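Novice: Could you have a look at this structure, given as structure tokens, before my questions?
The values are calculated or read from the model by the stated rules, or taken from the named source; none is laboratory data. This is a predicted model, so every value here is computed, not measured. A quick note on method: Cβ atoms are made from the backbone with ideal geometry, for glycine too, and the neighbour counts reach across all protein chains shown. These accessible areas exclude ligands, DNA and RNA; they are computed on the full protein's heavy atoms, side chains included. Shrake-Rupley method; radii C 1.70, N 1.55, O 1.52, S 1.80 Å.
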Amino acid sequence: MDEPTGTRIREGAAGAIDLVDPDVAEQTIHQVPPAPVALQGEAPRPRLESWLVAAVFGLFYGLVGYFVITDGRIVTFDAVHLLNEAYMTWWNSPPKLAAITLQSAPMGSLSFLPLALVKPLATSLVAMPVLTALAGGAMMALVNSILYRCGLALGPRIGLLVLFGLNPMLVYYAGNGEPVLPGMACAAIGLLSLVSWAQTRGTRHLTAAGLAIAFAMMFDYGYALWALGFVIAIMIVGPGASSGNPRLNGHGDGRGNRGDRMRSSLLVFMTPIVYALMLWILINTLILGSPFGWLTAQTGMIQVNTTGVLQAVTASPSSALGDLLDVVLGVAPLALVAVFLLILTGFLKGDRLSWGLFLILLLAASVPVIRVLVADQADLMLLSVGLPLALLALTAVAWSVHAGDGLGIFALVAMVVGLIATIPLGWDAMQNYRYQDQAQAFTRFVESRESQEGTKSVGGYTVGIDPEVAMARHINEQLPQVKNSILVDENYSYGPMLLSGRPQIFADRADRGESLWESLVLDPFGRVDYMLVTTGRAGDQLRKAYPRMVAGGEPGLTPIFRTARYVLISVSATRPDEVGGSGNVNGPTTVQPGPQSTPRPFTPVTPATVDSSAASTDSSATVEATPTAPTTTPAPAPSPSPSSTAPSGTSSAPILEGE
């Protein structure tokens with residue numbers, strides 16, 4: 001048999017004849033490679049254990065959140081607004097995904113969509129603690145897996161989980177419906193994947209980390225800096241070394257090959273994040289015409305249960321850092337321990353992931369500082385910004401236990417002390433820190449088990465939701481249920497919209513777009529029957545367009561029902577003639593309330609009357625509704641009440657039902 005050109009004959013082990021190219025033969029590896037090294041962290045995962053952790057903590061958080069809403073009457077209006085958007089997506093007429101605005105990260109509303117399909121679950125607000133309790137349970141299961149990956153035995157893991165899970169701020173936010181916990185659950189997946197990749201070099205872990213951080217960014221744009229920290233950590237750890245398993249270092253990795261593996265590792269992690277950002281930029285470009293406006297956009301939603309007085313407080317670098325320190329000391333004191341341990345482990349043990357986690361922690365801490373300084377709004381340094389830092393700090397200290405060898409016992413003791421200290425420090429911060437969302441009311445409810453309806457909380461909040469329930473019940477029982485008959489600014493009146501359970505009767509921006517809604521505001525006569533106006537906060541676009549209607553001073557716009565935060569206005573079917581003064585051409589309207597039919601689980605109690613000394617001097621000051629007894633409209637009194645006083649000092653406005 002002729003030998004082909006450029007080849008030579010080689011006899012195989014079994015006598016077979018192989019044709020070998022000389023160039024290939026020169027590159028053939030003649031040395032037997034070392035036996036494969038067992039990778040760390042590949043032991044069976046504690047699946048059953050994680051399910052049990054998720055179930056126990058999820059049930060605990062859900063029960064606490066349920067009773068905080070139903071018995072404590074503590075409701076975060078940010079969560080109510082997000083739930084209302086999800087509810088409108090399914091039940092508005094026509095149903096539209098456009099009900100979810102692009103003014104803030106969208107996953108907060110999107111995560112409510114499965115629960116909003118069940119009407120009673122949404123209109124009773126029970127969907128709020130259900131969502132965050134599920135997220136809280138999932139996050140605690142992921143924390144258990146992180147501790148497991150870091151080599152902690154079952155006993156210490158359970159003890160650390162209990163201490164971490166009893167952080168009072170974590171308990172509060174795991175049941176109030178805010179998107180903080182769902183975002184943290186995604187971040188926990190990312191941290192677990194990073195730790196697993198550092199131990200095993202499994203590419204799937206980088207993929208999971210990228211997907212998790214991409215989803216977290218859609219809950220809170222601040223996680224974009226976490227993504228940057230992950231990139232730096234991957235570059236620091238490097239592609240060839242296995243952190244915590246130095247036996248994997250240098251097995252046949254040339255410099256070029258290491259560079260290729262580095263690029264491929266970064267590409268695997270960054271691909272989901274880049275795709276998510278490109279999709280979000282495209283959506284904003286097509287719908288809003290501003291591809292990057294979301295970077296600086298502020299949500300148009302206003303919490304109507306607060307005065308907003310702290311929004312006027314400006315920020316400086318020193319004040320922002322001081323507030324951040326207060327938040328860390330109150331919610332995540334373990335972060336201070338983590339910084340020290342990561343530096344110590346990085347220097348003494350040469351552990352690369354310790355430096356990576358250190359940089360992630362610094363970038364995560366810079367997120368609220370940058371947000372405060374860019375907006376020049378000090379009240380954005382909310383107490384809740386410490387919760388993601390607490391999660392990151394726990395992961396960092398757990399890794400120090402794993403990588404510190406002789407320092408492991410010291411790191412474990414420091415972690416226990418830090419988590420124990422979090423409970424009293426967090427409780428004190430919730431009672432006294434000024435930038436918060438009714439956390440003080442939560443501590444009062446836990447201590448007294450009494451309803452907080454109508455009480456005050458730090459930050460100018462008036463706790464409770466009876467005004468929304470009373471208005472929703474009045475709309476359902478006393479008004480014709482006609483489609484698009486009530487003009488509303490959904491950024492302010494989302495509470496009655498959701499609790500009524502009938503978004504189709506409200507004319508809002510999601511129905512047929514901003515331009516049509518604005519035309520209704522300019523000319524509502526004969527096009528809508530009613531307006532629902534917020535009085536608790538300035539900025540309601542309807543109230544801006546007709547500033548005197550709340551006091552009864554706008555021709556053709558007659559107030560007919562009032563609660564502490566809202567006024568229902570009857571709109572004339574024809575445009576009234578121009579009249580002088582503040583008289584109302586339609587006169588007073590009497591509406592008799594029917595039997596109570598409160599959306600469960602709410603049963604409004606008779607609110608306390610407003611002290612005249614605390615009544616607002618603004619013409620929009622309101623009196624709490626008393627929805628439990630019918631009221632006949634009396635003749636106008638000689639001396640008008642503060643709630644019906646026109647700007648000029650006199651008013652012909654009627655005494656409204658509900659006053």
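Novice: Restricting to the stretch 310-348, what's the tally of residues that are of a type in the set (Gly, Ala, Ser) and farther than 25 Å from residue 161 by Cα? Even if it seems obvious, please write down each step before you answer.
Specialist: Let us first name the residues in the stretch 310-348 that are of a type in the set (Gly, Ala, Ser), namely 312, 315-316, 318-320, 322, 330, 332, 335, 338, 346.
Remaining after also requiring farther than 25 Å from residue 161 by Cα: 312, 315-316, 318-320, 322, 346.
The qualifying residues number 8.
Novice: Within the group 124, 193, 109, which residue is free of Cβ contacts under 8 Å to residues at least 24 places away in the same chain and open to solvent by less than 20 Å² (accessible area, probe 1.4 Å)? If you could, list the steps in order and put the result at the bottom.
Specialist: On the way: 124 fails: free of Cβ contacts under 8 Å to residues at least 24 places away in the same chain; 109 fails: free of Cβ contacts under 8 Å to residues at least 24 places away in the same chain.
Going through 124, 193, 109 in turn, just one is free of Cβ contacts under 8 Å to residues at least 24 places away in the same chain and open to solvent by less than 20 Å² (accessible area, probe 1.4 Å): 193.
Novice: Looking at the stretch 438-463, which of the residues that are of a type in the set (Val, Ile, Thr) and within 30 Å of residue 397 (Cβ to Cβ) is most open to solvent (accessible area, probe 1.4 Å)?
Specialist: Restricting attention to the stretch 438-463, the residues satisfying the condition of being of a type in the set (Val, Ile, Thr) are 443, 446, 455, 458, 462-463.
Next, only the ones that are within 30 Å of residue 397 (Cβ to Cβ) stay: 443, 446.
On the way: 443: 1, 446: 58 Å².
Among those residues, the one meeting the criterion is 446.
Novice: When you look at residue 134, is it open to solvent by 20 Å² or more (accessible area, probe 1.4 Å), of a type outside the set (Val, Ile, Thr) and under 24 Å from residue 66 (Cα atoms), yes or no? Outline the logic, then answer.
Specialist: Numbers: open to solvent by 20 Å² or more (accessible area, probe 1.4 Å): yes; of a type outside the set (Val, Ile, Thr): yes; under 24 Å from residue 66 (Cα atoms): yes.
So residue 134 fits the description; yes.
Novice: Look at the stretch 55-92 and say how many of its residues are open to solvent by 40 Å² or more (accessible area, probe 1.4 Å) and not in a helix (DSSP H, G or I).
Specialist: 1
Novice: Right, something else. For the stretch 161-178, state whether one or more residues are closer than 28 Å to residue 287 by Cα and either open to solvent by 20 Å² or more (accessible area, probe 1.4 Å) or touching a residue at least 12 places away in the same chain (Cβ under 8 Å) (or both).
Specialist: Quick first cut of the stretch 161-178, residues closer than 28 Å to residue 287 by Cα only: 177-178.
Keeping just the survivors that are either open to solvent by 20 Å² or more (accessible area, probe 1.4 Å) or touching a residue at least 12 places away in the same chain (Cβ under 8 Å) (or both) gives 177-178.
Looking for residues that are closer than 28 Å to residue 287 by Cα and either open to solvent by 20 Å² or more (accessible area, probe 1.4 Å) or touching a residue at least 12 places away in the same chain (Cβ under 8 Å) (or both), one finds at least one in the stretch 161-178, hence yes.
Novice: Can you tell me which residues in the stretch 387-432 are within 21 Å of the chain's Cα centre (by Cα) and at pLDDT below 90?
Specialist: Answer for the stretch 387-432, where residues must be within 21 Å of the chain's Cα centre (by Cα) and at pLDDT below 90: there is none.
Novice: Considering every residue within the stretch 217-239, establish whether at least one is at pLDDT below 80, on the phi < 0 side of the Ramachandran plot and touching a helix residue (DSSP H, G or I) at 6+ places or on another chain (Cβ under 7 Å).
Specialist: yes
Novice: Now for a separate question. In the stretch 280-297, how many are part of a helix (DSSP H, G or I) and more than 16 Å from residue 97 (Cα to Cα)?
Specialist: So in the stretch 280-297, the residues part of a helix (DSSP H, G or I) come out as 280-288, 293-295.
Those left that are additionally more than 16 Å from residue 97 (Cα to Cα): 281-282, 285, 293-295.
The total comes to 6.
Novice: Continuing with the same structure: Just to verify a result, which residue in the stretch 531-558, among those that are of a type in the set (S, T, N, Q) and surrounded by fewer than 24 Cβ atoms within 10 Å (Cβ to Cβ), is nearest to the chain's Cα centre (by Cα)? Working first, answer last.
Specialist: Taking the stretch 531-558 first, the residues of a type in the set (S, T, N, Q) are 534-535, 541, 558.
Filter again for surrounded by fewer than 24 Cβ atoms within 10 Å (Cβ to Cβ), leaving 541, 558.
Numbers: 541: 26, 558: 38 Å.
Taking the candidates together, the pick is 541.
Novice: Related question: Only one of these conditions is not met by residue 327: (1) under 13 Å from residue 387 (Cα atoms); (2) open to solvent by 10 Å² or more (accessible area, probe 1.4 Å). Which number is it?
Specialist: (2)
Novice: If you don't mind, there's one more thing I want to ask. Evaluate the following for residue 84: is it touching a residue at least 24 places away in the same chain (Cβ under 8 Å), within 20 Å of residue 491 (Cβ to Cβ) and under 20 Å from the mean Cα position of the chain (by Cα)? Give the steps one after another, and end with the answer.
Specialist: Values: touching a residue at least 24 places away in the same chain (Cβ under 8 Å): yes; within 20 Å of residue 491 (Cβ to Cβ): yes; under 20 Å from the mean Cα position of the chain (by Cα): yes.
Against the criterion (touching a residue at least 24 places away in the same chain (Cβ under 8 Å), within 20 Å of residue 491 (Cβ to Cβ) and under 20 Å from the mean Cα position of the chain (by Cα)), residue 84 qualifies.
Novice: Would the stretch 478-486 turn up any residue that is of a type in the set (Val, Ile, Thr), in a loop (DSSP other than H, G, I, E, B) and touching a residue at least 24 places away in the same chain (Cβ under 8 Å)?
Specialist: Step one: of the stretch 478-486, the residues of a type in the set (Val, Ile, Thr) are 482, 486.
If we keep only those that are in a loop (DSSP other than H, G, I, E, B) as well, we get 482.
Applying the additional criterion that residues be touching a residue at least 24 places away in the same chain (Cβ under 8 Å) yields 482.
Yes, the stretch 478-486 has at least one match.
Novice: Working only within the stretch 493-530, note down all residues that are under 16 Å from residue 470 (Cα atoms), assigned to a loop (DSSP other than H, G, I, E, B) and open to solvent by less than 30 Å² (accessible area, probe 1.4 Å).
Specialist: Start the filter on the stretch 493-530 by keeping residues that are under 16 Å from residue 470 (Cα atoms), which leaves 493-502.
Still in the running and assigned to a loop (DSSP other than H, G, I, E, B): 493, 501-502.
Once the filter is applied, which keeps residues that are under 16 Å from residue 470 (Cα atoms), assigned to a loop (DSSP other than H, G, I, E, B) and open to solvent by less than 30 Å² (accessible area, probe 1.4 Å), the stretch 493-530 yields 493, 501.
Novice: Find all pairs meeting these conditions: Cβ atoms under 7 angstrom apart; at least six residues apart or on different chains; first residue within the stretch 205-222 and acidic (Asp, Glu); second residue crowded, with 24+ Cβ neighbours inside 10 Å.
Specialist: 220/183
Novice: Are any residues in the stretch 277-287 at pLDDT below 90, of a type outside the set (Phe, Trp, Tyr) and surrounded by 14 or more Cβ atoms within 10 Å (Cβ to Cβ), and if so, which ones?
Specialist: 281, 283, 284 - these are the residues of the stretch 277-287 that are at pLDDT below 90, of a type outside the set (Phe, Trp, Tyr) and surrounded by 14 or more Cβ atoms within 10 Å (Cβ to Cβ).
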